[in-house]
Each structure stands twice: as C-alpha cells, then as structure tokens.
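This is the structure I want to talk about, given as structure tokens.
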Amino acid sequence: MPDARPILKWVGGKGQLLDRLQPLFPLKFNRYIEPFAGAGAVFFRLYNLGLIGANPRLRAVPAVLNDFNGELMTVYQVVRDHLDELIDELARHQAHVTDPDYYYYIRNLDREPDFRQWPAPVRAARTIFLNKTGYNGLYRVNQSGYFNVPFGRYTHPNVLDQAVLKATQQALQRVDLMCSDFAQPLRLARKGDFIYVDPPYQPLSRTANFTAYTSRGFGWCEQERLAKWLARVARRGCYVLINNADTPQVRELYRSAFGEKGVLIRQQVFETTRNINSAPDARSGGRELTVWNY
Ligand SMILES: C[S@@+](CC[C@H](N)C(=O)[O-])C[C@H]1O[C@@H](n2cnc3c(N)ncnc32)[C@H](O)[C@@H]1O
C-alpha cells in the first residue's frame, strides 16, 4: 500500500514545508488536534511517521481533524466510512474529466435547493472531481456560498486513485472528524495534546485577500481571537505549533498573546517558493512564520 497522503489539492497546503516542520514535531503526546485541517498534509505525515493513528507497528494515538468547510469534511467522512460508494461515484466522473460542459454541470449542482441533503458519497465525489479538474485545485465560493472556480483544462486529470484512497481510509480509522469553528476542537484540548494550527493567513496586501475557503472569510479579528485561544491551550500544557504569514503584526500578535499568559514562545521563519497571498511584487517567494511553545 502507498503512503497515506492528501487526496485534495488545497491552497495553503503544507507539502512544501513538511520536511522543515518535521523536526519540530513533539515525539510523544497524548492526542493530535488540527483545527484547520485543509488537505491534512501534516496529519498524513504524522501518520506515516507512526506518531498518530492506528498504525499497527507503533502505539496508537487518536486524532481530531476539524475544518469549517463542510464539503471538505464530508470528503474525509466518506473516505473513512463509505469508500466503496465513493469509488463508484468517482469512476462515473472519471469518464468526463476533460469535458467543460460536464464540469460546469457538476459545479452548479450546489445551486439545487436540497443539495445539502444529497447522499454524502455523491457530494464527496463532486468535491474531489471539482478539485482535480477545476482551475488550480482552488476551493472558492461566492458570497452566497456557491462554488465558483472555472474549469481547469488539464489534459489527464485523475480523479480516482484507489490505492491512495485506501491508504487514506486506513489513516482515518482512529480520527474524530469535526466541522466547526476552530474554538470547538480547542475546547477539547488537554495537557499533553499536540495541536498543529494552520489558519488562513493574514493577507500581505489589501488586494491579495485570499481567505475565501468559506463564505465567512478570516479577518484580523479572527487572527486575534485565535491567538488568544492558542495562548490559553499552551498555558494548559498542550504542545502548540502554528504557521502564519511572516508579518510584523503576526509576530507581535503571538508575542503579546503568549507573553500575557506567561507561555514560552519560539519563532522561526521558513522561505517558500509559493505564496498564495503574495502581493504582485512578491510572487516568487513567501516567508512563513512558525511559532511554537515547547
Ligand atoms: C491554510 S488552510 C489549511 C491548509 C492545511 N494545513 C493543508 O496542509 O492543506 C486553512 C483552512 O482553514 C479553514 N477555516 C477557515 N476559517 C475557519 C474557522 N473559523 N474555523 C475552522 N476552520 C476554518 C479553511 O476552510 C481552510 O481549509
């Protein structure tokens, strides 16, 4: 079986940072909590390392994955609990991956009034199909919450990779899935838990505000509310590891939130070659701040 890995492309995905984040993972912890799961790059790396999950070779450490995006969490739930139905649905989509009319037909199904009541495997297959065939794997919704990414024009997109789906299903066996605001999983955090936090980043310019993973957005008030929560759980004795854009405001936000609670803070900057938030003059690179408390 191949390694488990993200089955979706996700803006802000941490694939590129994983090797540099890995030395910062605590080696022993009680439970893993990820309040902004996205495609779960860190979760899958921890699983493949045997640090979490039902990996039979090593001890089993449970995990909680949360994201505000309901369609995304439905994908995780269906991969874990209804993989056969999902595979059947994806096989149907695979026959039409280069047809723009089919893409727009499937894309616009969320405009149907009872769409949220449709069977979960049908909705999950739609999300995977749109992710693999839509422009740049973006997940973007308009103000009404309707998916609005254009067709991607790929020549050979593969929406059905059975081996990876099966490995992913295995990785999700001991995982609690939640679809809430980040505060909800953080309420569950107890001493000794490891919390990896990768929120929508503070935009680097006023025009580059890619925060539309959900129709609600994620502004500076949300960044402040998050920093307060993280200082609180760090104080409780959790291992907290955070990524965000490297800006003076974000550095100061964590310095003061952690300082107020008397929590140790370490910060390090990693350079990357991609930055979805970047101002036009900073396209070639991004600076990602990493903050941790242990
Ligand atoms: C930067 S992405 C996470 C990327 C992820 N680490 C990966 O490797 O793919 C941020 C995620 O936060 C989610 N999100 C936005 N607002 C949220 C909120 N208030 N509570 C929980 N999740 C939220 C978005 O749906 C998005 O998936």
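If you take the residues in the stretch 37-61 that are open to solvent by 30 Å² or more (accessible area, probe 1.4 Å) and at pLDDT 90 or above, which one is nearest to the chain's Cα centre (by Cα)? Break it down into steps so the answer makes sense when it comes.
So the first thing to find is which residues in the stretch 37-61 are open to solvent by 30 Å² or more (accessible area, probe 1.4 Å), and the list is 45, 48-49, 54, 56-60.
Filter again for at pLDDT 90 or above, leaving 45, 48-49.
On the way: ARG45: 13, ASN48: 17, LEU49: 19 Å.
Per the criteria, the residue is ARG45.
The rows are residues; the columns are (1) assigned to a helix (DSSP H, G or I); (2) within 16 Å of the ligand (Cβ to nearest atom); (3) within 15 Å of LYS191 (Cβ to Cβ); (4) open to solvent by 10 Å² or more (accessible area, probe 1.4 Å).
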{"position": "GLY237", "(1), (2), (3), (4)": "no, no, yes, yes"}
{"position": "LEU241", "(1), (2), (3), (4)": "no, yes, no, no"}
{"position": "ASN244", "(1), (2), (3), (4)": "no, yes, no, no"}
{"position": "VAL250", "(1), (2), (3), (4)": "yes, yes, no, no"}
{"position": "ALA257", "(1), (2), (3), (4)": "yes, no, no, yes"}
{"position": "VAL263", "(1), (2), (3), (4)": "no, no, yes, yes"}
{"position": "VAL269", "(1), (2), (3), (4)": "no, no, no, yes"}
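Go through (1) in the same structural domain as VAL240 (by TED's automatic domain parsing); (2) among the aliphatic types (A, V, I, L, M); (3) not in a loop (DSSP other than H, G, I, E, B) for VAL79 and report which single condition fails.
Unmet condition: (1).
How do the pairs read when you match residues in the stretch 181-208 that are within 11 Å of the ligand (Cβ to nearest atom) with residues anywhere that are modelled with pLDDT of 90 or more and of a type in the set (Ser, Thr, Tyr), using Cβ under 8 Å and keeping only pairs 6 or more apart or on different chains?
TYR196/TYR32
Would you please list the contacts, defined by Cβ atoms under 8 Å and residues six or more apart or on different chains, that run from a residue in the stretch 5-19 that is over 17 Å from VAL269 (Cβ atoms) and in a helix (DSSP H, G or I) to a residue that is among the small types (Gly, Ala, Ser) and within 8 Å of the ligand (Cβ to nearest atom)?
What qualifies is GLY15/ALA41.
Give all pairs with beta carbons closer than 6 Å in which a residue from the stretch 25-47 that is within 13 Å of ASP67 (Cα to Cα) meets a residue that is of a type in the set (Ser, Thr, Tyr) and within 13 Å of the ligand (Cβ to nearest atom); count only pairs at least 6 apart in sequence or on separate chains.
GLU34/TYR196
Just one of (1) more than 30 Å from PHE29 (Cβ to Cβ); (2) open to solvent by 10 Å² or more (accessible area, probe 1.4 Å) trips up VAL149, so point out which.
The single condition VAL149 does not satisfy is (2).
Yes/no per residue for (1) surrounded by fewer than 16 Cβ atoms within 10 Å (Cβ to Cβ); (2) more than 15 Å from LEU8 (Cα to Cα):
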{"residue": "HIS96", "(1), (2)": "no, yes"}
{"residue": "PRO100", "(1), (2)": "yes, yes"}
{"residue": "TYR104", "(1), (2)": "yes, yes"}
{"residue": "ASP114", "(1), (2)": "yes, yes"}
{"residue": "TRP118", "(1), (2)": "yes, yes"}
{"residue": "ALA124", "(1), (2)": "no, no"}
{"residue": "PHE129", "(1), (2)": "no, no"}
{"residue": "THR133", "(1), (2)": "no, no"}
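Can you spot a residue in the stretch 76-91 that is at pLDDT 95 or above, near the ligand (Cβ under 9 Å from one of its atoms) and within 25 Å of TYR146 (Cα to Cα)?
Going through the stretch 76-91, the residues at pLDDT 95 or above turn out to be 76-91.
Next, only the ones that are near the ligand (Cβ under 9 Å from one of its atoms) stay: none.
Scanning the stretch 76-91 turns up no residue that is at pLDDT 95 or above, near the ligand (Cβ under 9 Å from one of its atoms) and within 25 Å of TYR146 (Cα to Cα).
Just for the stretch 262-294: of the residues that are at pLDDT 50 or above and of a type in the set (Asp, Glu), which one is nearest to TYR196 (Cα to Cα)?
GLU288
The values are calculated or read from the model by the stated rules, or taken from the named source; none is laboratory data. It should be emphasised that the depicted structure is a prediction, and the values quoted were computed from it without experimental measurement. Cβ sites come from the backbone with ideal geometry, for glycine too, and all protein chains shown count toward neighbours. Only protein heavy atoms, including side chains, enter the accessible area calculation; ligands, DNA and RNA are left aside. Shrake-Rupley method; radii C 1.70, N 1.55, O 1.52, S 1.80 Å.
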